[in-house]
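A quick write-up on the structure given underneath.
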């Protein structure tokens, strides 16, 4: 700690000099890999229906406990990729938007009621919904400027939303946290109903 | 300590010209070869997935996975050249490798050895430089061999040695599985996209 404090002024001086140095600004257009990545990364985040369902997967996993808590984030991207491939290939999947909204309703309800079905059933349910979410991402993919950046962005973004849900879901260890997580499930379920009814 | 700090500051602030140079004749070709397996999305994903697959097995298995990779890469270098559609094959092998890590880490050894060898062969096939002086080509090929095999060793060391020293090994395996699932999704989608583009141009 002392050595850290002693090195602090020198570090601050170097940082200050670095900040004051005049540098060229590298203005960019937002296309290419960076543009594609940002577009893909923000696609699941900017859609509230996606956010609600992704976080719900993590929250429900926390209620189910091990190994489900860690199996769902492994299985979801794999099945989601399958759905996205259907979207890329243009194969018809009926009721995509309804499926996405339903995923928030059902997964939210599972959290509210602290449902604990067998692992295969939980995995199957999450997998079915993953296909709808993947399809929505995949259908938009061919039109993007940089496919690689878009794909990398949306996969990482989806995974991080799961991890946010899991992190919040870990509160179930405490009674107050359990109530908070079930409450969050209720909010997600209500949001899903709003998506279904077209209110949001 | 204070003198050293001032000296460091003076060195940082001293304006000096950069004398970029190649220390050894032909070393640029070596570096070109070194980074070549990571210069395009498909081979970079393949290298990452092969590294993760080797890293999902215990230390005793390393030689039996890294060995076939190196040998297959040598075979690929011998028969290398421009092969149409090789990117698609690389993405398909990436899907196979990442599926093995995500769903059965450290298991199905024979399947893993086959996929790792296929990865080595493909990296070898794309690593043969364009025609030119033999000496330069040999140096570049050496760079590719060193780069690809060191990378596999590096990822394996991270997964089996460096991280488990600090984090519980089961968390490392879990992280490897989650990242592999993400890579699998990325590779599968890029493969589908390639198929669509080929269909559109045909």
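All Cα-Cα separations within segment A:64-113 were binned at 5 Å from zero, giving a P(r) of 5, 16, 17, 25, 19, 12, 5, 1, each value a whole percent of the pairs. Taking other Cβ atoms within 10 Å as a rough exposure proxy, A:146, B:130 sort from fewest to most as B:130, A:146. Here r is the Cβ-Cβ distance between residue B:60 and residue A:16 and R0 is 60 Å; the resulting FRET efficiency, rounded to 0.05, is 0.70.
Can you tell me what the convex hull of the Cα atoms of the protein assembly as shown projects to on average, as an area in nm²? Write out the running numbers ahead of the final one.
Details: hull surface 106.1 nm².
With every direction weighted equally, the projected area is 26.5 nm².
Of B:114, B:69, B:151, how do they rank once you tally other Cβ atoms within 10 Å and put the fewest first? Please list the in-between numbers first.
Numbers: B:114 16, B:69 27, B:151 19.
Starting with the residue having the fewest Cβ neighbours, the order is B:114, B:151, B:69.
Largest GNM mean-square fluctuation across A:129, A:113, A:154, computed for chain A with C-alpha springs under 10 Å, falls on A:113.
Note on chain A: with a GNM built from Cα contacts shorter than 10 Å, the maximum mean-square fluctuation among A:57, A:105, A:88 falls on A:88.
Between the helical axis of A:2-20 and the dominant principal axis of chain A, each derived from Cα atoms, what acute angle in degrees is found, rounded to the nearest 10? Once rounded, one gets 80 degrees. If the segment from residue B:16 to residue B:135 were pulled out straight at 0.36 nm per residue, it would be longer than the present Cα-Cα gap by 39.4 nm.
When the Cα atoms of segment A:98-138 are aligned to their principal axes, the ranges along those axes come out at 31, 19, 11 Å in descending order. Computed from the Cβ-Cβ distance with R0 of 45 Å, the FRET efficiency linking residue A:174 to residue A:38 stands at 0.75.
Cβ-Cβ distance of residue B:162 and residue A:93, R₀ of 41 Å, FRET efficiency by 1/(1 + (r/R0)^6): the value works out to about 0.45.
The label point for residue A:46 and the one for residue B:146, both projected 7 Å from the Cα toward the Cβ, are 4.6 nm apart. Taken as Cα centroids, segment A:154-200 and segment A:84-150 sit 16 Å apart, rounded to the nearest whole angstrom.
What is the diffusion coefficient of segment B:27-201 in µm²/s, taking the Kirkwood radius over Cα pairs and the Stokes-Einstein relation at 20 °C with a viscosity of 1.002 mPa s? Once the numbers are plugged in, D ends up at 132 µm²/s.
Shown for A:135, B:62, B:154: other C-beta atoms within 10 Å of each C-beta, ranked fewest to most, produce the order B:154, B:62, A:135. For segment B:97-153, the Cα gyration tensor yields ellipsoid semi-axes of 30, 11, 8 Å (square root of five times each eigenvalue, largest first, whole Å). Relative to the longest principal axis of the Cα atoms of chain A, the long axis of helix A:48-64 makes an angle of roughly 80 degrees. Along its first, second and third principal axes, ordered by size, chain A spans 58, 47, 32 Å in Cα coordinates.
Given the rule -39500 (n - 2.57) for each run of at least 4 DSSP H residues, summed and divided by the residues of chain A, what is its mean residue ellipticity at 222 nm, to the nearest 500 deg cm²/dmol?
Values: 8 runs with 158 residues, N = 200.
Taken over chain A, the calculation gives -27000 deg cm²/dmol.
Every number here is computed from the coordinates shown, using simple stated rules; none is lab data. Every value quoted in this text rests on a predicted model; they were computed, and no experiment measured them. All Cβ positions, even for glycine, are placed from backbone atoms using ideal geometry, and neighbour counts span all protein chains on display.
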